[in-house]
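Just so it is clear, none of the values below were taken in a lab; they were calculated from the coordinates. In this text the structure is predicted, and so the values were computed from the model without any measurement. Please note: Cβ atoms are built from the backbone with ideal geometry, for glycine as well, and neighbour counts cover all protein chains shown.
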Amino acid sequence: MSEEVIRTNFIRQIIDNDLSTGKYKSPSEVHTRFPPEPNGYLHIGHAKSICLNFGIAQDYQGQCNLRFDDTNPCKEEQEFVSAIKADVEWLGFQWHAECYASDYFQRFYDKAILLIKKGLAYVDDSSAEELRAMRGTLTEPGQNSPYRERSIEENLDLLERMKKGEFPDGSKILRAKIDMASPNMNLRDPALYRIRHVEHHQTGTDWCIYPMYDFAHALGDAFEGITHSICTLEFEDHRPLYDWCIDNCEIEKKPHQYEFSRLSLQYAITSKRKLTQLVTSGTVTGWDDPRMPTISGLRRRGCPPEALHLFCERIGVTKSENSIEMEQLEQCMRDILDDKAERRMAVLDPILVTLTNFDEHLDLELPNHPKNEALGKRITPFSQTLYIDQADFVLSTEDKKFKRLILGDYVRLRGAYIIKATDYKADADGNIIEVIAEIVPDTLGKNAEGIKARGVIHWVSAKDAVDAQVNCYERLFTVPHPDREEGEIFDYVNPNSLIIKNAKVEPVLKDAPLEIAYQFEREGYFARDRKEDSLVFNRVVTLKDSFGK
């Protein structure tokens, strides 16, 4: 990341000020954390937070913890823990410590006892409906619970019995005693503990009461020595509760929470609940479906991690709400891949071309990249029968911009000869199935006097071609903000988000490594699918924006 970006990031400016004023003596004292809940796979919004938190730790030579917010075992699974770790590592980051909120369950419980002893917490027997009714509104204060004045002794006894499993789910909660008339709804005696008789993926059946996020978040930061707790803006109204927990739990080194705007990406959703709906409904094939805005899905699609770094750098870190165009993410992919992706030829909608005046079999040496000689060359066979794309041949056209093959005219085959189409064959329905053509002699790698090719097209030797499935992915939704429209998100799923092609590709692609993107000449960028046994390529991104055109 550039020095200019580092100095214009408002959170980095806060850190610089903390260092310049002596709040922290050394940049190495800067300690951040990334605290995902393991109830789903990470998405593109998390990538912004990962790059921010881990990037700060890297640039200041500080530390960043990966801390799993595993306080709700009803929705959490070990699969999600493993996927989250894989995503962070794939983005190129390594954490200082791998932590879990469950590591601190006993310490959280001890702090809850402390709050009760200080008269700042109580056990409430109210039902969920009664709690909602007592909470009040934005314009009306809440009402004190009839259990608010329970004695310290009774509260300690009830909490201990809650911990021992004597009460069913939902029958009691532990609440902070703050202010039911507070204009901040988060301070109206919020819940600190709830009963959940569910086995936990880390602690098993040791616990049946679990701390609420706001309580565990604040104390977890404190226990780990986090200096800058960076959250998205929806937690701004939670900061007073964060500070209340820190101030009243007798914490020596107090962390501070800072907020930035979350990523809102057009033609995508980043709600875990709605992403889960897409998975469980079968709308997509899983969390790592290449159409999903998950980090795992983008990776499987072939997006390089450098593109996500570049994207997060370009959109920046601010407090302003935003709506980022999908084109920005796609352009970052192109900008990274244009320099690093080797070129290959693949024909997605093949028709046969027979060269009537050529009967040789040549091994042509073609560059892997037109601008980077260091990437070397490859051998590409050329023979009498070739495949070209159906769209690259027409019988006639008035379109002067058509730069491909026309009956009776010339076109250049990429890296090979100029050819002329002389005839064609069609099936019973009139569909063209073969083009008859001839090479212009002595045009291998050079022009012929008096002959001008309309353009350059890609091809594959029919004799040597390898069959491959090519998945042409488009955006999953047809509208920029499907979660803001009327109805369900399923109403706006793009029916053409996946188009499968039975392609012919040059033989060197037979051994293509997984998840490494190539530019298929004139088609886009494609990467081999890591989960398929056969030869399957996923389209990472087109060569230029074509959505809706």
Note to self: C-alpha centroids of region 174-206 and region 387-444 sit apart, in Å, by 71 Å
So what does the Cα-only Debye profile of region 289-358 read at q = 0.13, 0.16, 0.25 Å⁻¹, as log10 I(q)/I(0), no solvent term? -0.54, -0.71, -1.22
For the chain, what is the relative contact order in percent, using Cα pairs closer than 8 Å and at least 6 residues apart in sequence? 12 percent
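How large is the Kirkwood hydrodynamic radius of region 349-409, in angstrom, based on all distinct alpha carbon pairs? Each step should come with its number before you reach the end.
Numbers: mean 1/r = 0.0707 Å⁻¹.
Hydrodynamic radius (Kirkwood, Cα only) of region 349-409 equals 14.1 Å.
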Just order 134-140, 31-37 by mean Cβ neighbour count inside 10 Å, highest at the front, would you? 31-37, 134-140
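Determine the calculated [θ] at 222 nm for the chain from helices alone, applying -39500 (n - 2.57) to every DSSP H run no shorter than 4 residues and normalising by the residue count; nearest 500 deg cm²/dmol. The partial results should precede the final answer.
Numbers: 13 runs with 144 residues, N = 549.
The helix contribution divided over the chain gives -8000 deg cm²/dmol.
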PHE477's amide H: which non-local residues (gap 5+, or another chain) put their own amide H closer than 5 Å, with H modeled 1.01 Å from N in plane and none for Pro or chain starts? ASN494
May I ask you to order 43-50, 278-285 by the average number of other C-beta atoms within 10 Å around their residues, highest value first? 43-50, 278-285
For region 417-422, take each phi angle, set θ = phi - 60°, evaluate the Karplus expression 6.51 cos²θ - 1.76 cosθ + 1.60, and give the result in whole Hz per residue in order, putting x for glycine and proline. 7, 7, 10, 10, 7, 10
What percent of all Cα-Cα pairs in region 346-458 falls into each 5 Å bin, going from 0 up to the bin containing the maximum distance? 2, 11, 21, 24, 20, 12, 7, 2, 1, 0
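One-quarter of the Cα convex hull surface for region 287-405, in nm²? Please report the intermediate quantities before stating the final value.
On the way: hull surface 48.8 nm².
The Cα convex hull of region 287-405, projected and averaged over all directions, gives 12.2 nm².
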If amide H atoms are modeled at 1.01 Å from N in the peptide plane, then the residues at a separation of 5 or more from GLU259, or on another chain, having amide H under 5 Å from its own are CYS231
Highest mean first, what order results for 416-423, 152-159 on Cβ atoms within 10 Å? 416-423, 152-159
I need the phi-derived Karplus couplings for region 507-519: 6.51 cos²θ - 1.76 cosθ + 1.60, θ = phi - 60°, integer Hz, Gly and Pro marked x. x, 5, 6, 4, 10, 4, x, 6, 6, 9, 7, 10, 8
Rounded to the nearest 10 degrees, the helix 105-117 long axis (Cα) sits at an angle to the longest Cα principal axis of the chain of 30 degrees
Diffing region 247-262: the Karplus 3J(HN,Hα) column from phi (6.51, -1.76, 1.60, θ = phi - 60°), in whole Hz with x for Gly and Pro, holds 5, 9, 9, 6, 8, 6, 9, 9, x, 10, 9, 10, 10, 9, 6, 6
Whole-angstrom Cα spans of region 467-541 along principal axes, big to small: 49, 26, 20
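Find, among the trypsin sites (Lys or Arg not before Pro) in region 361-400, those assigned to loop by DSSP (not H, G, I, E, B) with at most 12 other beta-carbon atoms within 10 angstrom. Mind showing how you got there, number by number?
Values: sites: LYS371, LYS377, ARG378, LYS400; in loops: LYS371, LYS400.
Passing sites in region 361-400 are LYS371, LYS400.
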Working note, region 35-155: Cα radius of gyration (Å, one decimal) and Dmax (Å, whole number) are 19.8, 53
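Where Rh is the Kirkwood radius over the Cα pairs of region 105-213, the temperature 10 °C and the viscosity 1.306 mPa s, what D in µm²/s does Stokes-Einstein return?
111 µm²/s
Compactness ratio of region 391-452: Cα Rg over 2.2 N^0.38 Å, N = residue count? Present the calculation step by step, with values, prior to reporting the outcome.
Numbers: Rg = 12.5 Å, N = 62, 2.2 N^0.38 = 10.6 Å.
Taking the Cα Rg and dividing by 2.2 N^0.38 Å, one obtains 1.18.
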Tell me which lysines have Cα within less than 25 Å of LYS85's Cα, excluding those fewer than 8 residues away on the same chain? LYS48, LYS75, LYS272, LYS274, LYS531
If you bin the C-alpha pair distances of the chain every 10 Å from 0, what whole percents do you get? 3, 15, 21, 20, 15, 10, 7, 5, 3, 0, 0
Cα-based helix-to-principal-axis angle, 78-90 vs the chain, degrees rounded to 10: 60 degrees
Measure out, as a whole number of angstrom, how far apart the alpha-carbon centroids of region 215-284 and region 498-549 sit. 37 Å
Tell me the angle of helix 44-59 to the major Cα principal axis of the chain, expressed in degrees between 0 and 90 and rounded to the nearest ten. 80 degrees
